[in-house]
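Chemist: Dumping the structure here so I can ask a few things about it.
Throughout, read-outs are computed from the coordinates displayed, never taken from laboratory work. None of these values were measured; they are calculated from a predicted model. Methodologically, a virtual Cβ is constructed for each residue, glycine included, from the backbone with ideal geometry; neighbour enumeration extends over all protein chains shown.
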Amino acid sequence: MREIVLDTETTGLDPLRGDRLVEIGCVEIFNRMPTGQTYHVYINPERDMPAEAFAVHGLSTEFLASKPLFKEVVEEFLAFIGDTPLVIHNASFDVSFINAELDRVKRKAIPKDQLVDTLLLARRKHPGVSNRLDDLCSRYQIDNSHRTKHGALLDAELLAEVYIDLIGARQSQLILASDSGDARAGSYGDTPRRQREIPLSPRVSDADRELHRAFVATLGDKPIWNEYLPPAPAAAPAA
C-alpha cells in the first residue's frame with residue numbers, strides 16, 4: 001500500500017488571517033517502508049515573513065522571493081500525492097493551509113478521509129504525555145540531532161520513521177525478516193530446531209536401494225547418479 005508522509009512550513013498559524021504556505025515536504029512509503037521517492041518545494045507566499053515564523057523555520061522573505069508561486073507547482077504536487085493516504089502530524093493544521101492554497105487556484109480540497117493523523121495515533125497509544133515530533137523521536141530512539149530548525153522535508157522523513165514505529169510495522173518487519181532468515185539457516189534465533197528423541201525409521205529399504213543401484217548401472221559408463229549414491233555395502237567374506 002502506498003502512503004505519503006507530508007509536512008509543511010507556513011508564515012503563521014491561521015490561513016484565514018492571511019498566513020500562507022511556504023514549504024511542502026513529502027516522503028513516499030510503500031508497505032510501511034520508505035521508497036526513497038520524495039517531493040519538496042519552497043513557495044513564494046507573496047507576503048512578508050513574520051519574525052516568529054522565521055525563528056521556527058529560518059525561511060526569510062528574501063529567500064522565498066525567488067521561489068515559485070503555489071499555482072506554478074500545484075499540478076506537480078497533486079500528481080505526486082494522488083489520492084494516496086496522507087500521513088501528517090496534526091493533520092488539520094497542514095491541510096487547512098494546503099486547502100486554502102488549493103481554493104485560491106480553484107482546485108478541489110483534500111478530503112478528511114484521505115488523512116492519517118499521527119498526533120491522534122500517538123495520543124491514543126501514549127496518553128497523558130507530550131507527543132510532539134521531537135518527543136516521539138526520543139521515545140522511539142530516532143536520531144533527530146540534525147533538526148536544529150523545522151524543515152518540511154526533514155520533518156516528513158523523521159515522521160515516516162516515527163509512523164512505522166507508532167503502528168508497530170517495524171517490529172512486524174523484524175519478526176518476518178528473522179523468521180525468513182531462520183528458515184534458511186535452519187534455526188529460530190539462537191535456539192536450534194528441536195530434534196526427535198527417537199528418529200523416524202527410514203522409508204527406503206535396503207532392497208529399494210539395490211533396485212535403484214541396478215537401474216543406475218543401466219544408464220551408461222558414468223551416470224551422474226553415481227555422484228549421489230552411497231558406497232555399495234562390502235561383500236561378505238567367503239566362508
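Chemist: Scan the range 45-129 for trypsin sites (Lys or Arg not before Pro) in coil per DSSP, keeping those whose Cβ has at most 12 other Cβ atoms within 10 Å, and list them by number.
Modeler: Passing both the DSSP loop test and the Cβ count: LYS106, LYS108.
Chemist: If one computes the Cα centroid of the range 48-87 and of the range 105-134, what distance in Å separates the two points?
Modeler: Answer, in whole Å: 19.
Chemist: Another question, if that's okay. Can you work out the Karplus-derived ³J(HN,Hα) for every residue in the range 107-113? Use 6.51 cos²θ - 1.76 cosθ + 1.60 with θ = phi - 60°, whole Hz, and x for glycine or proline.
Modeler: Calculated HN-Hα couplings, in order: 10, 5, 6, 6, x, 5, 6 Hz.
Chemist: Name the residues whose placed amide hydrogens come within less than 5 Å of the amide hydrogen of VAL41, ignoring near sequence neighbours (fewer than 5 apart) on the same chain.
Modeler: Amide H neighbours of VAL41, under 5 Å, 5+ apart: ILE24.
Chemist: Please list the non-local residues whose amide H lies under 5 Å from the amide H of LEU69, H modeled 1.01 Å from N, same-chain partners needing a gap of 5 or more.
Modeler: Excluding prolines and chain starts, which carry no amide H, the hits are ASN44.
Chemist: Excluding residues fewer than 8 places away in the same chain, name every one of the lysines whose C-alpha is closer than 21 Å to that of LYS149.
Modeler: Within reach: LYS67.
Chemist: What is the order of HIS212, HIS146, fewest Cβ neighbours within 10 Å to most?
Modeler: Ordered by Cβ neighbours within 10 Å, fewest first: HIS146, HIS212.
Chemist: Which ³J(HN,Hα) values, rounded to whole Hz and listed in residue order, are derived for the range 83-95 from phi using the Karplus coefficients 6.51, -1.76 and 1.60 in 6.51 cos²θ - 1.76 cosθ + 1.60 with θ = phi - 60°, glycine and proline given as x?
Modeler: Ordered by residue, 3J(HN,Hα) equals 9, 5, x, 9, 8, 9, 8, 6, 4, 4, 5, 4, 6 Hz.
Chemist: Further question on the same structure: May I ask you to derive the FRET efficiency for GLU75 and VAL129 from their Cβ-Cβ distance with R0 = 41 Å, giving the value to the nearest 0.05?
Modeler: On the way: r = 41 Å, r/R0 = 1.00.
Calculated value: 0.50.
Chemist: Listing ILE142, ILE164 from the residue with the fewest other Cβ atoms within 10 Å to the one with the most, what is the order?
Modeler: Result, fewest neighbours first: ILE142, ILE164.
Chemist: Counting other C-beta atoms within 10 Å, which of LEU219, LEU16, LEU102 has the fewest, and how do the rest follow?
Modeler: Result, fewest neighbours first: LEU16, LEU219, LEU102.
Chemist: Let me ask something else about it. Please list, in order along the range 58-68, the HN-Hα scalar couplings obtained from phi with the Karplus expression 6.51 cos²θ - 1.76 cosθ + 1.60 (θ = phi - 60°), rounded to whole Hz, x for Gly and Pro.
Modeler: 3J(HN,Hα) across the range 58-68, in whole Hz: x, 9, 8, 4, 5, 4, 7, 4, 8, 8, x.
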